[in-house]
Amino acid sequence: MPSSSPTSPLLFQPGAVAAEGRDENVAAHYGDLFREQRALAEGQGLVDLSQRGVVTVSGADRLSWLHLLLTQHVSELPVGQATEALILSANGHIEHALYLVDDGETVWAHVEPGTQDDLVAYLEKMKFYNRVEVADRTGEFAVVHLPAGSIAEVPDGVVVRETAYGRDLFLPRADLEAYAAKSGPLAGFLAYEALRIEQHRPRVGLETDHRTIPHELGWIGSAVHLQKGCYRGQETVARVHNLGKPPRRLVFLHLDGSEVLLPGHGTPVRLAADGEEGRQLGFITSSARHHELGPIALALVKRNVPVDAELLAGNTAAAQEVVVEP
């Protein structure tokens, strides 16, 4: 069984309700989902992401070595500059997404919950004679997210990964409860997910399946550097970019707000004109209730689905917005 993170102490805060599935070790919400979302959107609060895996790579060759394995150009990654990168299969299918930063001595990355064992095993196999040390630090460090605009202080010595969406802190687990107490209000994971979906940001294992390639999710550029080679799966990336078109594309959906239940991961997507018995053209990858937009979702659909077509997610009417151009 893959290792998981320890149960977060913040899950025992008043009003906390546990998340489900891979994120079950943190709180889904603390009693008021929309208030928590609004706080994040206004640059306030803290999200406990301590369910995520933490992997580090240290040593003199860490950047040049990772450059050979990852889809991103990291051989000259400046200290403190955040980036994201993928590890692909030999056929170009997405296996891991790493959200990383280098502190001058060590590359810190957080990854999907429960995937750190497989990632570390792969990296260990690829070390050869390179001067690198790979470690699973999930038991020692917790990821904490501060939204963009937050004025919360970061403790001295804590590694920070800063992006347009906010700051991810690699915080010692022993400090998590005390830090949250002075940096609140707490926002649950569902609030974070609703904003992630609004921002069209994919997650491995939700927006991906066994055959997803980076082009389908809009990861070209942000996580895949087209001017570098030498990584596993690079031939597929180059071939699709130069000669072909990806078979599927990520879309953002506005869902009919009259439905009580959200369509879950894997719910079939069809043309509304064909009804619930029509041919399946894709599936829901993530869904959430947004404090302003109402029910929303991401879905992976066939590339040739018309961009103006009304869709059905299960039995829920859905209007699409283009994320990846067909």
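The values are calculated or read from the model by the stated rules, or taken from the named source; none is laboratory data. No experiment lies behind these values; they were computed from the predicted model shown. In case anyone asks, the SASA skips ligands and DNA or RNA and just uses the protein heavy atoms, side chains included. Shrake-Rupley method; radii C 1.70, N 1.55, O 1.52, S 1.80 Å.
For the range 176-326, the antiparallel share of DSSP beta bridges with both residues in that region comes to about 95%. Accessible surface ranking for ARG279, ARG248, 1.4 angstrom probe, highest first: ARG279, ARG248.
If you look at the Cα atoms of the range 44-102, you get an Rg and a Dmax of 13.2, 42 Å. Working note: Karplus 6.51/-1.76/1.60 with θ = phi - 60° gives the range 148-164 the couplings 4, x, 5, 9, 4, 6, 9, x, 4, x, 7, 6, 10, 10, 9, 10, 5 Hz, where Gly and Pro are set to x.
For the range 51-96, the solvent-accessible area with a 1.4 angstrom probe is 33 square angstrom per residue.
Note on the chain: with a GNM built from Cα contacts shorter than 10 Å, the maximum mean-square fluctuation among ARG239, ARG52, ARG196 falls on ARG239. Averaged per residue, the range 216-326 has 48 square angstrom of accessible surface, using a 1.4 angstrom probe with ligands and nucleic acids left out.
Across all directions, the shadow cast by the convex hull of the range 126-196 built on its C-alpha atoms averages 6.7 square nanometres. Once a ≥ b ≥ c are taken as the square roots of the eigenvalues of the Cα gyration tensor of the range 63-139, is the result rounded (a/c under 1.5), prolate (a/b larger than b/c) or oblate (a/b not larger than b/c)? Because its axes are fairly even, with a/c under 1.5, the range 63-139 counts as rounded.
In sequence order, the range 232-247 has phi-based couplings of 4, x, 4, 4, 5, 4, 5, 5, 5, 5, 8, 10, x, 9, x, x Hz under the Karplus curve 6.51 cos²θ - 1.76 cosθ + 1.60, θ = phi - 60°, and Gly or Pro positions carry x.
Each residue of the range 36-52 was assigned a 3J(HN,Hα) from its phi angle through the Karplus expression (A = 6.51, B = -1.76, C = 1.60, θ = phi - 60°), giving 5, 4, 4, 4, 4, 4, 8, x, 10, x, 8, 10, 7, 10, 6, 6, 6 Hz with x at Gly and Pro. Amide H contacts of THR163 (H built 1.01 Å from N, in plane; Pro and chain starts excluded): ASP168 sit under 5 Å, all sequence-distant by 5 or more or on other chains. Of the solvent-accessible surface of the chain, computed with a 1.4 Å probe over protein heavy atoms with every protein chain present, carbon and sulfur atoms account for 50 percent. For the chain, lysine pairs separated by 8 or more sequence positions, or belonging to different chains, with Cα-Cα distances below 23 Å total 4.
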